[in-house]
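K.L.:
My questions all concern the structure below.
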Amino acid sequence: MDLRRKLGRLMVVGFPGKTVTPEVKKLIHSYHVGSIILFSRNIGTPEDVYNLTTSLQDEAKRAGYERPLLICLDQENGVVRRLGEGTTLFPGAMALGATTQPELARDVYRATGVELKALGINWNLAPVLDINNNPDNPVIGVRSFGESAERVTEFGRAAMKGMQESGVITALKHFPGHGDTHVDSHLSLPTIAHDMDRLEAVELKPFQACIEAGADVVMAAHVHFPAIEPEKDKPATLSKQVLTHLLREKLGFDGVVTTDCMEMDAIGRTIGTEQGAVEAFKAGSDLIMVSHTMEKQIGAIHALATAVEKGEIEEAVIQQSIRRINQLLDRYVSWESLSERNQNTELSKVCSDEHQKLAQSVYEKSVTVVQNDHSLPLTSDEKILVIQSGNQLQTRAEDVHQHQGLIDAVKQYVPTAEVEEMIATMPDDVFHRLLSKASTYETVILGTLGVAPGDRASELVKTLETKDVKVIGIGMRNPYDAYNLVGVNGFLNTYEPSFPALQTAVAAIFGKQDVSGKLPVTLR
């Protein structure tokens, strides 16, 4: 195998479109890229996804690959999910944490894995082991199982084992922890300044437990940890102190290490994607993820080749990474297993009745009644206005396709209910017209996707309280919204704006469904 093809084995690349493009064919045939990452741009119906993954593997086989491609995506469920039409909407991490039952995380991740594997996806970039102990974290939030190391450890380990039982590779992320940051690494470089004692007692605890339980892959965070890496502004992704000395030597991990996407601004706008690829490999990564731009994907391979030619990277180290990748593939996928697949049989496993029942059961155990001053349940003869936040993403990791549905859920009980949309930046005159209209209703159901003290939602609640209008809040993502909505008569949290979660919460509001979730975080 020539050097370029060896280096291709280390790459995780993405491409646009729902069919195999000439560009990705070139990456497979000319560079032997070892892994493909899919995003929502690649996802259509289950049949589309199955045909795409099958076509990708066919190209790899024609190109002479000894082993199949790794094909991955971020199917965390909840607010970060790539699959859509025709697949089961499973609850995300914080919703699972709210059930207080780790065995449900195992069940949901096992079922998620069954659907992924049926579609030809053999690697899921989950579970998230970040501990959301910072309410202002802009990128993790409800992607975490909760705020305590114990809860995240218990649920994360259960999720990992469930996914592995389905025959799908897992990835623990974002090592050594992205939970206590104020900055989104998609946009800039965060720093976590805790000392080593604190990191070992909190951030590292879930990773250590899952490594001991048989972790497959660990994904590095684009976060700087001064207690581990003394060089200023060097993220974990590029740090030998983090990836080799801590992860490999101290924690004893000999599986595959992957970067997060090297085009994220924390890397792409600092050291640069191509040179970042070199430094990440030298630090201890086996796989280098460049998700979007073909020029940068090929550029990273050439940069690695130049580093080898200069003696900065030894070919023996490349071979060691390929060994780890091969061992991972041999545990989970083979050309023989792929040749035995039948499309009808595989697709019958997707969105099955069993999976839908499981998801609904978990939603009922996760939706949380945070507050109720005896205003609930509502009756179907009340005059109701629904005010819902406009579609807004907390981080680039999210997709927009699921952020709808509150009014549809309410209309199942009150067909005459009306709806208005509210955004934080709406002009004063528009907001005051909304206030005037809301004041004529008996009840307002307010769906939020993030509330800051003193913003439009807080002002709305404060004003309606003086006019004896009942306000029921539904936190459609962030459980901390309840803290900032002083004066609501009731508040429920769904931890995600998926329709099944909202439908369950609304059923509870009208007394048609018992829900039993417990907050997995403390309201400030």
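K.L.:
Of these, Leu56, Leu10, which one is in contact with a Leu (Cβ under 8 Å, 6 or more places away or on another chain) and either among the polar types (S, T, N, Q) or farther than 15 Å from Asn122 by Cα (or both)?
P.N.:
Values: Leu56 fails: either among the polar types (S, T, N, Q) or farther than 15 Å from Asn122 by Cα (or both).
On inspection, the qualifying residue turns out to be Leu10.
K.L.:
Scan segment 354-368 and report the pairs whose first residue is in contact (Cβ under 8 Å) with a residue 24 or more places away in the chain and whose second residue is among the basic types (Lys, Arg), with Cβ atoms within less than 8 Å and a gap of 6+ or a chain change.
P.N.:
Every condition considered, the pairs that remain are Thr368/Lys518.
K.L.:
Sticking with this one: Looking only at segment 343-352, decide whether some residue is free of Cβ contacts under 8 Å to residues at least 24 places away in the same chain, in contact with a Gly (Cβ under 9 Å, 6 or more places away or on another chain), over 24 Å from Gly276 (Cβ atoms) and surrounded by fewer than 17 Cβ atoms within 10 Å (Cβ to Cβ).
P.N.:
There is no residue in segment 343-352 that is free of Cβ contacts under 8 Å to residues at least 24 places away in the same chain, in contact with a Gly (Cβ under 9 Å, 6 or more places away or on another chain), over 24 Å from Gly276 (Cβ atoms) and surrounded by fewer than 17 Cβ atoms within 10 Å (Cβ to Cβ).
K.L.:
Now for a separate question. Considering (1) farther than 30 Å from Pro479 by Cβ; (2) of a type outside the set (A, V, I, L, M, F, W, C); (3) over 19 Å from the mean Cα position of the chain (by Cα), say which one Lys117 fails and leave the rest.
P.N.:
(3)
K.L.:
Right, next: Within segment 66-77, which residues are over 18 Å from Val114 (Cβ atoms) and either within 8 Å of the chain's Cα centre (by Cα) or of a type in the set (Gly, Ala, Ser) (or both)?
P.N.:
Scanning segment 66-77 gives no hits.
K.L.:
Right, something else. What's the number of the only condition in (1) under 17 Å from the mean Cα position of the chain (by Cα); (2) modelled with pLDDT of 95 or more; (3) more than 22 Å from Thr504 (Cβ to Cβ); (4) among the aliphatic types (A, V, I, L, M) that Ile131 fails to meet?
P.N.:
Looking at each condition in turn, Ile131 falls short on (2).
K.L.:
Here's another thing I want to ask about it. Give segment 1-47 a look and list any residue that's small (Gly, Ala, Ser) and within 27 Å of the chain's Cα centre (by Cα), or say none. Even if it seems obvious, please write down each step before you answer.
P.N.:
Of all residues in segment 1-47, those small (Gly, Ala, Ser) come to 8, 14, 17, 30, 34-35, 40, 44.
Answer for segment 1-47, where residues must be small (Gly, Ala, Ser) and within 27 Å of the chain's Cα centre (by Cα): Gly8, Gly14, Gly17, Gly34, Ser35, Ser40, Gly44.
K.L.:
Ok, one more. Hey, can you tell me all the residues within segment 1-38 that are of a type in the set (Asp, Glu) and either part of a loop (DSSP other than H, G, I, E, B) or buried (at least 23 other Cβ atoms within 10 Å of the Cβ) (or both)?
P.N.:
Asp2
K.L.:
Against the definition (over 27 Å from Glu315 (Cα atoms) and in a helix (DSSP H, G or I)), how does Ala60 come out, yes or no?
P.N.:
no
Residues are listed down the side, and each one gets a yes or a no for (1) touching a residue at least 60 places away in the same chain (Cβ under 8 Å); (2) not hydrophobic (A, V, I, L, M, F, W, C):
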position	(1), (2)
Ser35	yes, yes
Ser40	yes, yes
Pro91	yes, yes
Met94	yes, no
Gln101	yes, yes
Trp123	yes, no
Asp136	no, yes
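K.L.:
Continuing with the same structure: Given the residues Thr191, Thr244, Thr153, Thr170, which is the only one that is modelled with pLDDT under 95 and in the same structural domain as Leu129 (by TED's automatic domain parsing)?
P.N.:
Result: Thr191 is the single residue among Thr191, Thr244, Thr153, Thr170 that is modelled with pLDDT under 95 and in the same structural domain as Leu129 (by TED's automatic domain parsing).
K.L.:
Filter segment 360-400 down to the residues that are among the hydrophobic types (A, V, I, L, M, F, W, C) and under 22 Å from Val521 (Cα atoms), then identify the one that is modelled with the lowest pLDDT.
P.N.:
Leu393
The values are calculated or read from the model by the stated rules, or taken from the named source; none is laboratory data. Since this is a predicted model, take the numbers as computed values, not measurements. Positions of Cβ are generated from backbone atoms using ideal geometry, with glycine treated the same way; all protein chains shown enter the neighbour counts.
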